[in-house]
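Reviewing the structure listed below.
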Amino acid sequence: MEETKKNSVNPLATEPVARLMVKFSVPSILGMLVSSLYNIVDQLFIGHAVGIDGNSATNVAFPFTTACTALALLFGIGGASCFNLTMGRGDKKQAGYFAGNSFTLLAVSGLILSIITLVFLNPLLKVFGAPEGQVMEYANEYVKITALGFPFLIFTTGGGHLIRADGSPQMAMTCNIIGAVVNTALDALFVMGFHWGMKGAAAATVIGQVISAIVVLVYAMHYKTVHLGKEELKVRFFTAKRIASIGMASFFNQIAIAVVQIVLNNSLKHYGALSVYGDSEPIAVCGIVMKVAMILFGVVIGLAQGTQPIESFNYGAKNYDRVRQAYKLAVTTGATVSIVSFILFFIFPRQILSLFGDGTATYYELGEKFFRIYLFFTWLNCLQPITATFFTSIGKPIKGMFLSLTRQIIFFVPLLLILPRYFRINGIIYSAPVADFMAAFVTIIMATVEFKNIRKLEQKNK
């Protein structure tokens, strides 16, 4: 009776789903877009001030950023999902342990990744596909500085999910926006004003991340729904294990993206050297295309993350119809945005490329291919991340993890290893749409089966 009373006054159980989606998704989307801008802004200034080799260097360094996102989602989404599921069941004390442990794990994991990166930087850059010469030098110069910001980036990104779970999505958005504004302003000053090149772009990024992390830390000290003291911050094995198990799907999705980036960079370097494009130009073009596409994926992932507290709480409270409504609304909105993005990518590839600096005729030729073919099934890409997050939200991380791996690891990497052997650089370009289509097909099947199971649960509860 007491639990029913708690659920009845919780807005996650009573407010219209569409209103909740706006409340949670819009700040989440803006937060993801701002996160994407950290890389895109650097790329814009570096492209104009340093050139194509500078853009290639930032793309070689990109797996480091993806690794940061992976850890942030492992403990951020994992902690937020556990927090909301537990609050939905009315266990406020345990929810506090989930939130506190998540903040601690975010801080520690960021520090560990930073140390590993600085110690093994050159070998890692070679593994990530950096061509010898100017690109390697630029990448080394860039990452030596950005690695210092990894703990702050991870704490901010993961902490944003915990702030959203605490019912403050606007604050989560503010934390990211503050850092992005600082980064953009300092990029203009350091790169274009002081002509510091790669070092200036890296320094601007780190300063923005530090400021965002400070804001997240201040909020964590005044968490609203539960108290976060020394007891809650102390890592407990069972709590950490549960957080990691729930966040594993999102973690592996990012790790899969990093693996794809590494395989892709090495393939582009190898097959680019055998073509008219050379070993650096294809890496620069692909990096720009992927980072532009991140704007779309930022919207889609933001939608998915915005549904997380709605789906988690209502699944825990057995309000299954509201779970269904949240999922359908996210998919519908994501599909609409994806279709519009596909049209823009198909019609204006040259104009988009020119935003990142001038290039050769072959640079624009290859860029148009990447936008129109590599991103051909962009309009289907919303299904997989939204559905993977859905499985995580309802406490089924294994299904979420498998679905996260379908596009990147199960389909895309094998295609990247096979098709270029026969079609060279064109094989790389065509691997992506084939993987996108196959992943969407698997997603539709898994989602259909799961909602049939939810129907059965509804019948049992009547």
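The values are calculated or read from the model by the stated rules, or taken from the named source; none is laboratory data. Here the structure is a predicted model, which means the values were calculated and not measured. Counting neighbours? That spans all protein chains shown, and the Cβs are built from the backbone with ideal geometry, glycine included. These accessible areas exclude ligands, DNA and RNA; they are computed on the full protein's heavy atoms, side chains included. Shrake-Rupley method; radii C 1.70, N 1.55, O 1.52, S 1.80 Å.
When peptides 226-238, 87-99, 449-461 are sorted by average Cβ neighbour count within 10 Å, with the highest value leading, the order is 87-99, 226-238, 449-461.
Using the average count of surrounding beta-carbon atoms within 10 Å as a protection proxy, the listed peptides 321-328, 264-271 rank, highest first, as 264-271, 321-328.
The Cα atoms of region 386-430 define a convex hull whose projected area, averaged across directions, is 3.2 nm².
Normalised size of region 61-167, defined as Cα radius of gyration per 2.2 N^0.38 Å with N residues, equals 1.30.
The phi-based Karplus calculation (6.51 cos²θ - 1.76 cosθ + 1.60; θ = phi - 60°) puts the 3J(HN,Hα) values of region 164-180 at 5, 5, 7, x, 10, x, 5, 5, 4, 5, 4, 4, 6, 5, 4, x, 5 Hz, whole numbers, x for Gly and Pro. Taking Cα atoms only, the orientation of helix 281-316 departs from the longest principal axis of the chain by about 0 degrees. Each residue of region 420-434 was assigned a 3J(HN,Hα) from its phi angle through the Karplus expression (A = 6.51, B = -1.76, C = 1.60, θ = phi - 60°), giving x, 4, 9, 10, 6, 5, 5, x, 5, 5, 7, 5, 5, x, 5 Hz with x at Gly and Pro. Built from the Cα atoms of region 105-241, the convex hull projects on average onto 9.8 nm², one quarter of its surface area. Rg and Dmax of the chain, based on Cα coordinates, read 21.6, 72 Å. The stretch between K456 and E365 holds 27.5 nm of extra length on full extension. This uses 0.36 nm per residue minus the Cα-Cα distance.
The listed residues L375, L186, once ranked by accessible area (1.4 Å probe) with the largest placed first, stand as L186, L375.
Backbone geometry of region 318-333 corresponds, through the Karplus equation with coefficients 6.51, -1.76 and 1.60 at θ = phi - 60°, to 3J(HN,Hα) couplings of 6, 8, 5, 5, 5, 4, 4, 4, 5, 5, 5, 5, 5, 5, 4, 5 Hz, x marking Gly and Pro. When nucleic acids and ligands are ignored and a 1.4 Å probe is applied, L355 ends up with an accessible area of around 100 Å².
Plainly put, region 184-316 has a radius of gyration that is 1.07 times its Kirkwood radius, both from alpha-carbon atoms, as the Rg/Rh ratio. Value of Rg to Rh for region 32-105, rounded to two decimals, is 1.25; Kirkwood radius and Rg both from alpha-carbon coordinates. Principal axis extents of the Cα atoms in region 375-462, from largest to smallest and rounded to whole angstrom, are 58, 22, 15.
Figure note: T184, T104 ranked by solvent-accessible area, largest first, 1.4 Å probe, ligands and nucleic acids not counted: T184, T104.
R0 = 25 Å: FRET efficiency of R421 with E132, Cβ-based, nearest 0.05?
Result of the calculation: an efficiency of 0.60.
Note on exposure: Y430, Y219 ranked by accessible area (1.4 Å probe, complete protein assembly) read Y430, Y219, with the most exposed listed first. For the chain, the longest principal axis of the Cα atoms and the long axis of helix 17-49 meet at an angle of about 20 degrees.
Normalised by 2.2 N^0.38 Å, where N counts its residues, the alpha-carbon radius of gyration of region 177-261 equals 1.54. Cα centroid separation, region 389-410 to region 434-462: 12 Å.
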